[in-house]
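Heads up, the thing below is written out as structure tokens.
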Ligand SMILES: Cc1cc2nc3c(=O)[nH]c(=O)nc-3n(C[C@H](O)[C@H](O)[C@H](O)COP(=O)(O)O)c2cc1C
């Protein structure tokens, strides 16, 4: 059990928001594998939500098997953030998270995202207004600071605790770092040391159960949030929960299990977004599953043109036939065709075109 304000979560494991990826079909696919304590939506513009813009309403769309759900808001106008939180509470959302880490200029220029880390008092005031207006937990997701010279996360976390947040999520990089370099675990540890009693949830580069345990042990944080690692491996929450509670690593899912979950994911995409749009969106999802299939060139070549659900069954049948020569008599992949183990450093060797694109280059130009 993990206590997040008034909420009790089954595990201390969280899905990080990834704009464009953490949609309803993905969240349900992950939840069905088990081990996930709380999932969060993509970031949602508070003002757009108050104006009931279609895009914002689509981002907060949920259903009973997508619970408990937190919605992440971004914005810098206290009244808008407060009213958006009230609206979300009235719709049954379990928690509201505030984006204080987004490095994108469009968001920072208006005082949202990472810019909130540079104005501590103002940010604490905005948060207090939200906390006082709702009963559901309000949390904040931050980076370590604007840049190496301004590591404000410990001071900010302390100020936000006083303002009433139920927890803070910390991505162990600065805004200036973007997604480069490694996660700074000492930086997360400094946040843990700065707060009195709220949980700190560590985030960044966790792609294996062992990396999650290392995050907990090296920083003293009480929960772990996983973003890209969950897309590369939808079983990561179940595997990590099992590992943290028993010390044992679960066996990797076999090919048939991976295919079953991939088909389920596609069916959810079609259910939620309709056949044409769902199939198009699935073109970028299927290759993540295929990374663990062994040789899969034929599958990947065809799936990027997917238009209709029935086509997927044909692609899969043709792929099974194409894949047969790589198997032994018992149907197992011959050892020399086994995929490489999950990389622990994200970005390295993940295969261009199949990895989640992160912005690169100087952060000022994003
Ligand atoms: C494509 C992409 C989109 C992201 N969108 C958001 C977002 O909407 N809100 C947010 O707080 N963080 C966002 N992030 C940051 C992630 O939540 C997370 O902090 C970061 O990816 C590090 O965790 P990971 O290594 O487990 O992915 C995004 C990251 C990526 C790569």
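Here is how the numbers come out for the structure above:
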| quantity | calculated |
| --- | --- |
| Inter-label distance, nm, simple model (7 Å from Cα along the C-beta direction), residue 196/residue 91 | 3.4 nm |
| Neighbour-count order for 336, 47, 91, fewest beta carbons within 10 angstrom listed first | 336, 91, 47 |
| Radius of gyration and Dmax over the Cα atoms of segment 2-246, both given in Å | 16.2, 48 |
| Computed E for residue 135/residue 162 - FRET, C-beta separation, R0 22 angstrom, nearest 0.05 | 0.70 |
| Residue of 333, 73, 120 that the Gaussian network model of the chain assigns the largest fluctuation, springs spanning Cα pairs under 10 Å | 333 |
| Rounded Å value of the spacing that divides the Cα centres of segment 102-144 and segment 261-296 | 34 Å |
| GNM result for the chain, Cα springs below 10 Å: residue of 317, 140, 46 fluctuating most strongly | 317 |
| The chain, relative contact order [Cα under 8 Å, separation at least 6], % | 14 percent |
| Volume of the Cα convex hull of segment 177-226, divided per residue and given in Å³ | 77 Å³ |
| Computed helical MRE - 222 nm, the chain, DSSP H runs ≥ 4 contributing -39500 (n - 2.57), nearest 500 | -13000 deg cm²/dmol |
| Sorted by Cβ neighbour density within 10 Å, fewest at the top, the residues 98, 236, 60 | 60, 236, 98 |
| Rounded FRET efficiency, nearest 0.05, which uses the C-beta distance separating residue 217 from residue 358 and R0 of 22 Å | 0.25 |
| Förster radius 25 Å - calculated FRET efficiency between residue 263 and residue 297 (Cβ-Cβ, nearest 0.05) | 0.80 |
| Spin-label pair residue 65/residue 118, simplified geometry with 7 Å Cα→Cβ offset, distance in nm | 4.5 nm |
| Exposure proxy order (Cβ contacts within 10 Å, fewest to most) of 263, 221 | 263, 221 |
| Cα-based shape type of segment 1-112, given that a ≥ b ≥ c are square roots of the gyration tensor eigenvalues and the cut on a/c is 1.5 | prolate |
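The numbers here are math on the coordinates, done by the rules we state, and not lab data. Quick caveat: nothing in here was measured; it's all calculated off a predicted structure. Glycine gets a Cβ as well: all are built from the backbone with ideal geometry, and neighbour counts include every protein chain shown.
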